[in-house]
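The values are calculated or read from the model by the stated rules, or taken from the named source; none is laboratory data. Bear in mind the structure is a predicted one, so any value in this text is a computation, not a measurement. Every residue, glycine among them, receives a Cβ derived from its backbone with ideal geometry; neighbour counts consider all protein chains shown.
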Amino acid sequence: MGRRSVHTAEQLREVILEASAAILQEQGLQGLSAREIARRIGYSPGTLYNIFENLDDIVLTIEGRMLDGLAASLAVLPAEADPRRDVRNLAFAYLDYTQTHPKLWNLLFEHHLPAGRDVPAWYRAKLDGLLERVENAVRPLVHGAGEDAVKRSARVLWAGVHGITSLSTADKLSNITSETASLLIDDLVGLYLAGLNAEYAPKA
């Protein structure tokens with residue numbers, strides 16, 4: 001797109017992110033380059049680095065917005081009297097959200113920072129906040145078990161649900177089953193929670 005006007009730094013930041021997200025949805029990570037972003041927004045490639053540190057910084061910012069969107073979707077779920085329904089609602093809301101922009105969602109797990117570089121603290125905080133939501137849903141189901149058990153159970157459950165959603169968003173689920181992602185998640189959550197109940201039920 002041609003440059004139509006002079007943008008403020010904040011406006012330019014948004015223009016860069018919008019163009020980058022479009023490229024990622026169309027071509028994936030392999031299609032993202034400073035030259036292609038600059039071509040689309042009508043600025044020189046060097047301009048990008050006045051706003052962002054590098055391409056990884058752009059990708060992490062887009063990933064962060066996807067995590068914010070997921071958090072917002074989970075935040076509006078109604079509280080259920082039965083904690084098992086709370087967990088199921090989280091799992092299905094997660095599946096629904098991943099279907100909205102599947103290529104961008106998969107980006108969170110395809111994108112790797114260079115060796116020796118950790119994700120920023122703000123990014124880690126977003127991930128921790130989402131995992132805390134799962135932990136809070138699981139906690140009533142482990143009947144007073146220690147926090148290590150709560151954290152482990154939440155992560156096992158989240159990893160299983162994520163595996164199903166990843167196959168679904170990558171259009172690979174049909175390679176292994178004719179069942180829908182929703183049915184698989186329902187089975188996974190139901191059986192895992194039944195196992196937690198058996199493991200942590202008060203002993204007679």
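Could you tell me whether the stretch 91-106 includes any residue that is over 22 Å from S168 (Cα atoms) and either under 13 Å from the mean Cα position of the chain (by Cα) or part of a loop (DSSP other than H, G, I, E, B) (or both)?
No, the stretch 91-106 contains no residue that is over 22 Å from S168 (Cα atoms) and either under 13 Å from the mean Cα position of the chain (by Cα) or part of a loop (DSSP other than H, G, I, E, B) (or both).
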* Asked: Is the stretch 64-77 home to any residue that is surrounded by 17 or more Cβ atoms within 10 Å (Cβ to Cβ), more than 27 Å from R124 (Cβ to Cβ) and modelled with pLDDT of 90 or more?
  -> no
* Asked: Which one is surrounded by the fewest Cβ atoms within 10 Å (Cβ to Cβ), of the residues in the stretch 110-140 that are aliphatic (A, V, I, L, M) and outside any loop (DSSP other than H, G, I, E, B)?
  -> A121
* **Some residue of the stretch 183-192 being assigned by TED's automatic domain parsing to the domain that holds L95 and farther than 21 Å from L95 by Cβ** => no
* Asked: In the stretch 90-116, what count of residues is obtained for those that are out of contact with any helix residue (DSSP H, G or I) (no Cβ under 6 Å at 6 or more places or on another chain) and free of Cβ contacts under 8 Å to residues at least 40 places away in the same chain?
  -> 5
* Checklist (1) surrounded by 15 or more Cβ atoms within 10 Å (Cβ to Cβ); (2) under 30 Å from Y97 (Cα atoms) applied to E53, failing item -> (1)
* **Hits in the stretch 141-159 (condition: touching a residue at least 24 places away in the same chain (Cβ under 8 Å), surrounded by fewer than 16 Cβ atoms within 10 Å (Cβ to Cβ) and part of a helix (DSSP H, G or I))** => R155, V156
